[in-house]
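The structure under discussion appears below in the form of structure tokens.
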Amino acid sequence: MTDISPLAPEKFPDVDPVKGVRFATRGVGVKYEGRTDLMVAELAQGSAIAGVFTQSLTASAPVDACREALVSGKGRARCMIVNSGNANAFNGKKGIASVENIVKASADIFGCEEGEIFTASTGVIGEALPDAKITGALAEMKGMLGTASFEDAAKAIMTTDTYAKAGSKKVKIGDVEVTISGIAKGSGMIAPNMATMLSFVFTDAAIAPDVLQGLLKEATDKSFNAITVDSDTSTSDTVLLAATGKAGNGEITSVGDANLGEFKQAFEALMIDLAQQIVRDGEGATKFISIKVKGAETDGAAKRIALAIANSPLVKTAIAGEDANWGRIVMAVGKAGEKADRDKLQISIGGVLIAGEGEAVEGYDEAPVAAHMKGDEIDVLVDVGIASGEATVWTCDLTHGYITINADYRS
């Protein structure tokens, strides 16, 4: 068993239940023995759903099926069926058939349309999914609904994760209090582009599917699409947002509805929290790194520069070694392909300006920078000196632990 990440929270967070959502979990032996590896989330009838998925051109069969279900189910959902240990990716017709078997069995057992069933799988790529182990457990799990917590659900979807990830917010829509709670998994193969990373977020608010989709896409760009562990985009990345409507607010049918403001802010904060928890569990990670880029031509350009820094093995290994090697950051800015003014470029680490106007800052005090590098929270600020575009991304350091975990992943 992998040691828990040194960046992990002290305990699993307090997560409020969501009206209209019931969980069941079980161990069915997809790959792992002695632990749960299957999660079912039942949603109240008529629940709205939105989804964002990997842009990988080798996407898994469950991702394709979810995309189709969003259309065929007209943005409505009844169940999520999620397994860990096997990604059901690059399995050809067998993979498609496995998803079809799971969806058909789930629709029959839970009494809904096939378009209301959403599946996700995470784990090893290229191995056939033993779907009979999943379908054979669903009837029993229907009777178990409500016995599992958010923590149980989060644990059931883990692969190389060292801790379960979740979060929760309570806000008001008008005069009605609503809950937003979610879980996530991810540790390696993390550079979402939507968007083996999964997240499932639930609210009891009444929000129309098209509004829900707009909220999810915008929040994902600020959260899961702003993290990287190793620059590798998974075949399986999936984020689903379900709204059961059981809180009792009047349905929100417009993104511009003034009553949506507090909800949107809280939802984005929750998404960022879940995304950062994934980075804090990066395989072998010992340091959580925030990289802010400003002065870029556009916000998009700033993000691309920030990701070039965050994905650089040279930057990440320097930080692992507690070396404030700003030359590697200069290199990463230059390779990003975005406009930058070499002679106006400024780099700060831990709030201390160490490079500017095309060279090192003469006589800067290294002591606070060295102290900052020894901590487990590293802040990097880069001003590329072009315009006003800015963005922040989050990553972790690169240690030998990453190699150890991934060299042994299939065994």
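Rounded if a/c is under 1.5, else prolate if a/b is larger than b/c, else oblate: which is segment 253-337, with a ≥ b ≥ c the root eigenvalues of its Cα gyration tensor?
oblate
Looking at ILE319, ILE329, THR58, which one has the Cα that reaches farthest to the positive end of the dipole of the chain (charges on Cβ: Lys, Arg +1; Asp, Glu -1)?
Positive-end residue among those listed: THR58.
How large is the direction-averaged shadow of the alpha-carbon convex hull of the chain, in nm²?
Here the figure is 19.6 nm², rounded to one decimal.
Based on other C-beta atoms within 10 Å, arrange LEU138, LEU129 from fewest to most.
If I rank by nearby Cβ atoms, fewest first, I get LEU138, LEU129.
Where Lys and Arg each count +1 and Asp and Glu each count -1, what net charge lies around ILE319 among other residues with Cβ under 12 Å from its Cβ?
Around ILE319, the surrounding residues sum to -2.
Give me Rg over Rh for segment 288-407, both radii from the alpha carbons and Rh done the Kirkwood way, two decimal places.
On the Cα set of segment 288-407, Rg over Rh gives 0.97.
Quick one: dipole size for the chain, taken about the Cα centre, charges +1 on Lys/Arg Cβ and -1 on Asp/Glu Cβ, in debye to the nearest 20. Spell out each step's value before the answer.
On the way: 39 positive and 55 negative charges, 207 e Å.
The calculation lands at about 1000 debye.
What pairs from LYS165/LYS217; LYS142/LYS169; LYS316/LYS374; LYS31/LYS155 go past 18 Å between their alpha carbons?
Pairs exceeding the cut-off: LYS165/LYS217; LYS142/LYS169.
Which one of VAL380, GLY46, ALA107 is farthest out on the positive end of the charge dipole of the chain, using unit charges on Cβ (Lys, Arg +1; Asp, Glu -1) and the Cα centre as origin?
Farthest towards the positive end: ALA107.
What is the Rg over Rh value, at two decimals, for segment 165-310, using alpha-carbon atoms and the Kirkwood definition of Rh?
Values: Rg = 16.0 Å, Rh = 16.0 Å.
Rg/Rh for segment 165-310 comes to 1.00.
Set Lys and Arg Cβ to +1 and Asp and Glu Cβ to -1, take the dipole of segment 21-280 about its Cα centre, and tell me which of MET271, SER84, VAL21 lies farthest positive.
SER84
Rounded to the nearest 5, what % of DSSP beta bridges with both residues in segment 288-407 are antiparallel?
The antiparallel fraction comes to roughly 70 percent.
Mind checking segment 320-411 for GluC sites (Glu not before Pro) that DSSP puts in a loop (not H, G, I, E or B) and that have at most 14 other Cβ atoms within 10 Å?
GLU357, GLU362
Please say if segment 98-182 is rounded, prolate or oblate, where rounded means a/c under 1.5 for a ≥ b ≥ c the square roots of the C-alpha gyration tensor eigenvalues, and otherwise the choice is prolate for a/b larger than b/c and oblate otherwise? Could you put the intermediate results ahead of the total?
Numbers: a/c = 2.16, a/b = 1.41, b/c = 1.53.
Oblate, because a/c is 1.5 or more while a/b does not exceed b/c.
Using θ = phi - 60° and the Karplus relation 6.51 cos²θ - 1.76 cosθ + 1.60, list the HN-Hα couplings for segment 104-117 in order, rounded to whole Hz, with x at every Gly or Pro.
For segment 104-117, the Karplus curve yields 4, 5, 5, 4, 5, 6, 9, x, 8, 7, 4, x, 9, 9 Hz.
Net charge within 13 Å of GLU390 by Cβ-Cβ distance, Lys/Arg positive one each and Asp/Glu negative one each, not counting GLU390 itself?
Details: positive: LYS222, LYS292, LYS294, LYS303, ARG304; negative: GLU297, ASP299, GLU338, ASP383.
Taking every Cβ under 13 Å from that of GLU390, the sum is +1.
Only the coordinates and a few stated rules stand behind these numbers; no lab work does. Computed from a prediction, not measured in an experiment: that's the story for all the values here. Every residue, glycine as well, gets a Cβ built from its backbone with ideal geometry; the counts of neighbours run over all protein chains shown.
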